[in-house]
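Derivation of every value follows stated rules applied to the coordinates shown; laboratory data play no part. Small disclaimer: the values here were computed from a predicted structure and weren't measured. For neighbour counting, all protein chains shown are included, and Cβ atoms are generated from backbone atoms with ideal geometry for every residue, glycine included.
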Amino acid sequence: MSSLEAVTRGLELAGQRHVLQFWPELDEEERARFLQDLDLLDLDGLRAHCERAAAAAAAPPAGGDRSIEPVPPELIGSVRTSDPESLSAWREEGLMQISQNRVGVLLLAGGQGTRLGVQYPKGMYNVGLPSNKTLYQIQAERIHKIQELADVKHGSRCSVPWYIMTSEFTLAPTQKFFEENSYFGLEPSNVILFEQRMIPAVTFDGKVILQGKGKIAMAPDGNGGLYQALVDNKVLEDMRRRGVEYLHVYCVDNILVKMADPVFIGFCVSKGADCGAKVVEKAFPTEPVGVVCRVQGVSQVVEYSEIHPDTAGLRGPGGDLVHGAGNICIHFFTRAFLQEVAEKFESQLKPHVAIKKVPFVDSEGNQVKPTKPNGIKMEKFVFDVFPFSRNFVAFEVLREEEFSPLKNADSAATDNPTTARNSLLTQHCRWAAAAGATLLDQHGKPLPPAASVSPADAPPAQCEISPLVSYFGEGLDLMLKGKNLRTPLILDLIKAQDLQAQ
């Protein structure tokens, strides 16, 4: 560990001597801990980081459409418009790759649940389903099921390793949660937790923010910190050792995410893609989601705020939005592409500015919770690597089947526990109806069909289907066809076996 003298010298060269202003007031234990934290800082790059943050925050926002073009049709697949034969072939290709242990999933889970109003990782959140399952349990069970589907199809005993990128805030509680829940039945060696880097929050005049007298305010470096973290934690080496060639990357908060989706994997592999993104059709022209597109021939995501309303509203001959490919943070990468990013391109990724309220200590050492934004957090985004792709593809999915993020508390109008829960239950009601079941209320009266209910409304019934029973609605007709099912209903493995025996 560096000496106090060396750290002081490094801070002075970076123009950040104020970081040690309360050193005399710290006890021996606090000093040792603070010195250890400071030793982990990139002091050589600290001045550049602070100056870059202040300059980026002061710069005017990017404007104009920058020659935005949609992704060419030949590079887009769609569950809505692609022919059934192609969708089936892609699914078969994906299941074959999974059966050969060539597919892994990677979860971006470094953020805290502050907007959700909790002090623990989002994956541990219980959205209030009849089963009381957390997001982590739902996702673990989907991995179980996709392994089973691949094994049944190909006579294999495959595994889909689950890489989980955490941060300083989420690593320990996530590790403990999985241990306490026996990894939800997954093989512990196939659940690989690793940590992304933390970087200092900075004031508008380029000074590192002190969160406490002996603690710098640190923040994860965004989900684009993935690429550095893959190197720091030797994850790419682990993938190579396991024979993983393809990675399915997603965010923790999407309750409808299809883990290692074989159709998406198969589509990307069939197209020879090194990088791919799932998209949903934007709900309306100005919906605040990034757009997957090309700019001067280069694949990327353009933020909604950078697209002129007139451009956002353009429609094609069929009435669809020309720039309607909404980004939902579900991506495909080959291991070879990730290796190339790590070796050649990571240093070229430009951080994005996030203006935040950052708690701090004032010059008197008093703790302050700001009422308005006072600091800059610099973040990289996972999609920042799209421009480096040689063969980028997009795959359109249905929002009601695959995208319902959990970002806010129920006090917000959208993307909250209620909308997430209702999205899942409404989906399961559709699956039950498609399998030929009739759902009944507590009094035995038939309930309205799920197709007539918006996910934002209360679902037509409390019908929850375990991922261990069905991954995407498949196989349900064998047990549900012609059945009258009283709700609330939790269709778990035991209930499924009972129904099949009837």
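Give me the extension gain from Arg9 to Glu69: residue separation times 0.36 nm, minus the current Cα-Cα distance, reported in nm with one decimal. Can you show the working numbers first?
On the way: separation 60, 0.36 × 60 = 21.60 nm, distance 4.99 nm.
Taking 0.36 nm per residue and subtracting the Cα distance, the gain is 16.6 nm.
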- Taking amide hydrogens as modeled 1.01 Å from N in the peptide plane, which residues meet the under 5 Å criterion relative to Ala458, leaving out close sequence neighbours? none
- Task: Can you tell me the equivalent ellipsoid semi-axes for region 427-501? Use √(5λ) from the Cα gyration tensor, largest first, whole Å.
- Result: 18, 14, 11
- Task: Take each of the peptides 486-495, 166-175, average the number of other beta-carbon atoms within 10 Å over its residues, and list them starting from the highest.
- Result: 166-175, 486-495
- Tell me, what ³J(HN,Hα) does each residue in region 127-139 have, in order and in whole Hz, if you take phi through Karplus 6.51 cos²θ - 1.76 cosθ + 1.60 with θ = phi - 60° and put x for Gly and Pro? 7, x, 5, x, 7, 6, 6, 8, 4, 4, 5, 4, 5
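Can you pull a Stokes-Einstein diffusion coefficient for region 4-58 at 25 °C (0.890 mPa s), Rh from Kirkwood over Cα pairs, as a whole number of µm²/s?
Details: Rh = 12.0 Å.
Once the numbers are plugged in, D ends up at 204 µm²/s.
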- Message: How much length would be gained if the chain were fully extended between Asn132 and Asp238, taking 0.36 nm per residue of separation minus their Cα-Cα distance, in nm to one decimal?
- Response: 34.8 nm
- Work out from phi, with θ = phi - 60° and the Karplus expression 6.51 cos²θ - 1.76 cosθ + 1.60, the ³J(HN,Hα) of each residue of region 284-298, listed in order in whole Hz, and give x for Gly and Pro. 7, x, 9, 3, x, 10, x, 10, 7, 7, 10, 10, 6, x, 10
- Query: Once label points are set 7 Å from the Cα along Cα→Cβ at both His308 and Lys213, what is their separation, rounded to one decimal in nm?
  - Reply: 5.7
- Share of Cα-Cα pairs in region 307-398 beyond 20 Å, whole percent, is 63
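What size of dipole, in debye to the nearest 20, comes out for the chain about its Cα centre when the only charges are +1 on Lys and Arg C-beta atoms and -1 on Asp and Glu C-beta atoms? Before the final figure, lay out the partial values.
Numbers: 51 positive and 62 negative charges, 109 e Å.
In total the dipole reaches around 520 debye.
Starting from the Cα gyration tensor of region 1-107, multiply each eigenvalue by 5, take the square root, and state the resulting semi-axes largest first in whole Å.
Details: eigenvalues 550, 128, 22 Å².
So the three semi-axes of region 1-107 are 52, 25, 11 Å.
Taking 41 Å as R0, compute the FRET efficiency from the Cβ-Cβ separation of Ala354 and Gln502 and round it to 0.05. Numbers along the way, then the final one.
Details: r = 55 Å, r/R0 = 1.33.
Once the sixth-power term is evaluated, E becomes 0.15.
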- Between Ala48 and Asp415, what is the label-to-label distance in nm when each label sits 7 Å out along the Cα-to-Cβ direction? 3.2
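Determine, from the Cβ-Cβ distance of Gln367 and Ala458 and an R0 of 35 Å, the FRET efficiency 1/(1 + (r/R0)^6), rounded to the nearest 0.05.
After rounding, the FRET efficiency stands at 0.25.
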- Message: On C-alpha positions alone, give me the angle between the axis of helix 171-180 and the longest principal axis of the chain, in degrees, nearest 10.
- Response: 40
- Query: For region 68-191, what value does the Rg/Rh ratio take when both radii are computed over Cα atoms and Rh is the Kirkwood radius, given to two decimals?
  - Reply: 1.05
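Which percentage, to the nearest 5, of the DSSP beta bridges contained in the chain is antiparallel? All intermediate terms of the calculation are to be shown ahead of the outcome.
Numbers: 37 of 66 bridges.
Of those bridges, close to 55 percent are antiparallel.
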- Query: Simple spin-label model, 7 Å along Cα-to-Cβ: Asp477 to Arg31 in nm?
  - Reply: 7.5
- Task: Just check region 362-476 against the gyration tensor rule for me: Cα atoms, a ≥ b ≥ c as the square roots of the eigenvalues, rounded for a/c under 1.5, and otherwise prolate or oblate depending on whether a/b exceeds b/c.
- Result: oblate
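With 28 Å as the limit, write out which pairs from Lys122/Lys369; Lys122/Lys344; Lys258/Lys372; Lys278/Lys344; Lys122/Lys145 have Cα-Cα distances beyond it, or answer none.
Values: Lys122/Lys369 23 Å; Lys122/Lys344 33 Å; Lys258/Lys372 38 Å; Lys278/Lys344 25 Å; Lys122/Lys145 22 Å.
Long pairs (Cα-Cα over 28 Å): Lys122/Lys344; Lys258/Lys372.
Using a Förster radius of 45 Å, what is the FRET efficiency between Leu87 and Leu40 based on their Cβ-Cβ separation? Nearest 0.05, please. List each step's numbers first, then the result.
Values: r = 48 Å, r/R0 = 1.07.
So, using R0 = 45 Å, E works out to roughly 0.40.
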- Task: Measure nothing but the geometry: give the 0 to 90° angle between the long axis through the Cα atoms of 43-58 and the longest principal axis through the Cα atoms of the chain, rounded to 10°.
- Result: 70
- Dimensions of region 68-402 along principal axes (Cα, Å, largest first)? 69, 53, 45
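Sorted from largest to smallest, which semi-axis lengths in Å does the alpha carbon gyration tensor of region 218-349 give for its equivalent ellipsoid, taking the root of 5 times each eigenvalue? Walk me through the numbers before you get to the answer.
Details: eigenvalues 169, 62, 42 Å².
Output for region 218-349: semi-axes of 29, 18, 14 Å.
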- Message: 5 Å is the cut-off here: which amide hydrogens, built 1.01 Å from N in the peptide plane, fall below it relative to Phe403, excluding neighbours closer than 5 in sequence?
- Response: none
- Where does region 226-269 land on Rg(C-alpha)/(2.2 N^0.38 Å)? 1.34
- Message: With θ taken as phi - 60° and the coefficients 6.51, -1.76 and 1.60, list the Karplus ³J(HN,Hα) couplings across region 156-168 in order, rounded to whole Hz; mark glycine and proline as x.
- Response: 9, 10, 8, 9, 10, x, 10, 8, 10, 8, 10, 10, 3
- Quick one: which residues, 5 or more positions from Gly77 or on another chain, have an amide H under 5 Å from its amide H? H modelled 1.01 Å from N in the peptide plane, none for Pro or chain starts. Ala394, Phe395, Glu396
- Helix 84-99 sits at what angle to the longest principal axis of the chain, using alpha carbons and giving 0 to 90 degrees rounded to 10? 60
